[in-house]
Every structure is written in C-alpha cells, then in structure tokens.
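Below: one structure, written as structure tokens.
The values are calculated or read from the model by the stated rules, or taken from the named source; none is laboratory data. These numbers were taken from a predicted model, which means no experiment stands behind them. So basically every Cβ, Gly included, is an ideal-geometry build from the backbone, and we count neighbours across all protein chains shown. Heavy atoms of the whole protein, side chains included, go into the accessibility calculation; ligands, DNA and RNA do not. Shrake-Rupley method; radii C 1.70, N 1.55, O 1.52, S 1.80 Å.
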Amino acid sequence: MVLFFTSSVVNPPATIYMGKDKVENEDLIKYAWPQDVWFHVDKLSSAHVYLRMPDNMTWETIPQALLTDCAQLVKANSIEGNKKDNLTIIYTPADNLKKQGDMAVGQVSFHNDKRVKRVHVPKRENPIVNRLNKTKVEKQVDHEQEKIDRIKTENAEKRAVATQRKKEETELAKQREAEKAARSYDSLFNVEEDPDAPKLTGKAIEEDFM
C-alpha cells in the first residue's frame, strides 16, 4: 500500500507519497518516476518520502514551503528522528538512487553524490504534520501498470512535440522559400537604366516599324 498526501502550500497542490512498510519502500525505489524527488532522514532510519514533481518546477527550485512539508513528513515518520531536534533531511531525484543486490531492504546509495541536497529541520512542526495527515489517502498501486501508462503518456507527449516542431520547421522553410522567390521576382524589375543609352519614344518605335 502507498500513502498519498497533498501539500497545498503551492498552486496547484503537490502530491507527496511514501511506502507503508519496508516492502513497499523497495517497490518505490524501483518504480518511482525518474523525475520524482526522494527524501530521507540523514544517517537515521525513516520512511522513504517522494515528491511527485509538479510540471512547473525542477528539483533544484522546489519552493521552501514545499521542501518544509516534505521534510516534516519525513521527520514525523522516523521513529528515532521524530524525537530529535536539528535533523538533516537529504533529498535527490529518484533516478539518482542506486540499489545494489547486497543492500538491505530499504537501503540505497547514489549514482552522483553531487546531486544530493540537504535541508535543516530544527524541530517538529505539528501544524504542518497535522495538515498533511488530514489529506492522507491509502491506495493499492499496480506499479508495473503505472509505469507502462506513464511511458505511454510521455511518448505521446514527445511525439506531439516532435510533430509540432516539424510543422513549425516546414512552415518556416515555406516562408523562406516564398521570401527568396519574391526577392528573385523583384530583381527582374530593378535593373538600373544606363544613362547613356538612347531612350525610345512611342514615335521612334512607330517609325521603326514603318
């Protein structure tokens, strides 16, 4: 089972989720969306909390209020960390999580330590935790099907972008060809007159034909 929470400190509201137990945490490590952001108490046992990244932000530009919501949820779901003040919460994109076969259940490392950020939590903020807990929804998730659906959606979006880009490139090419043709056409009628050349009049032309 996966626990879902809604953070209303941003607009539109953001989704935060976590595994209900160690087994579910293992599934989330495997199936979390690559762009989602993983949160955990540094150097202590805690829940694995994920932020479903909104489309209008990157993991490096998460607003402080949303970071605080995620960090407070992690702290509240750490048996040891919930009792301590001045904790450090670490976070990184889910595609930076590294899982090796000899690791214990729930244990992870990172592909790139430079992509790991930290946020300081002075103490538990009950109003924040209570607000988030009121939004909690427990769901059974078919991770494999969700992955298939997500990939289909992402591929459809990529195809739509590629089609639009090709259309724009085609229109631009047509516009350039039209401009080129117009310049060539105009040049036919912009030949400068030779000032020394005799000028023909209507009379002269008539006499030539006579």
log10 of Debye I(q)/I(0), alpha-carbon scatterers only, for the chain at 0.12, 0.13, 0.14, 0.19 Å⁻¹: -0.72, -0.80, -0.88, -1.42
In the calculated pair distance distribution of region 85-142, what percentage of Cα-Cα distances lie above 15 Å? 69
Which length gain, in nm to one decimal place, applies between T163 and D95 when the Cα-Cα distance is subtracted from 0.36 nm times their residue separation? 21.7 nm
Any idea of K136's accessible area? Nearest 10 Å², probe 1.4 Å. 100
Going Cα to Cα from K75, which lysines come in below 20 Å? Please leave out same-chain ones fewer than 8 positions away. K20, K22, K43, K83, K84, K117, K123, K134, K136
Pick from M103, M18, M53: which residue has the top mean-square fluctuation in a GNM of the chain where Cα pairs under 10 Å get a spring? M103
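For D55 and D21, compute 0.36 nm times the residue count separating them, minus their Cα-Cα distance, and round to one decimal in nm. Before the final figure, lay out each step's value.
Details: separation 34, 0.36 × 34 = 12.24 nm, distance 2.83 nm.
9.4 nm is the gain from fully extending D55 to D21.
Mind putting a number on the dipole of the chain about its Cα centre? Charges go on the C-beta only, +1 for Lys and Arg and -1 for Asp and Glu, and I need it in Debye to the nearest 20.
On the way: 34 positive and 35 negative charges, 400 e Å.
The dipole of the chain has a size of about 1920 debye.
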Excluding residues on the same chain fewer than 8 positions from K158, give the lysines whose Cα lies under 17 Å from its Cα. K147, K166, K167
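Please give the length that would be gained between N82 and A156 if that part of the chain were fully extended, namely 0.36 nm times their separation in residues minus their C-alpha to C-alpha distance (nm, one decimal). Each step should come with its number before you reach the end.
On the way: separation 74, 0.36 × 74 = 26.64 nm, distance 4.29 nm.
Using 0.36 nm per residue and subtracting the Cα-Cα distance, I get 22.4 nm.
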Computed accessible area, R52, all protein chains, 1.4 angstrom probe, square angstrom: 50
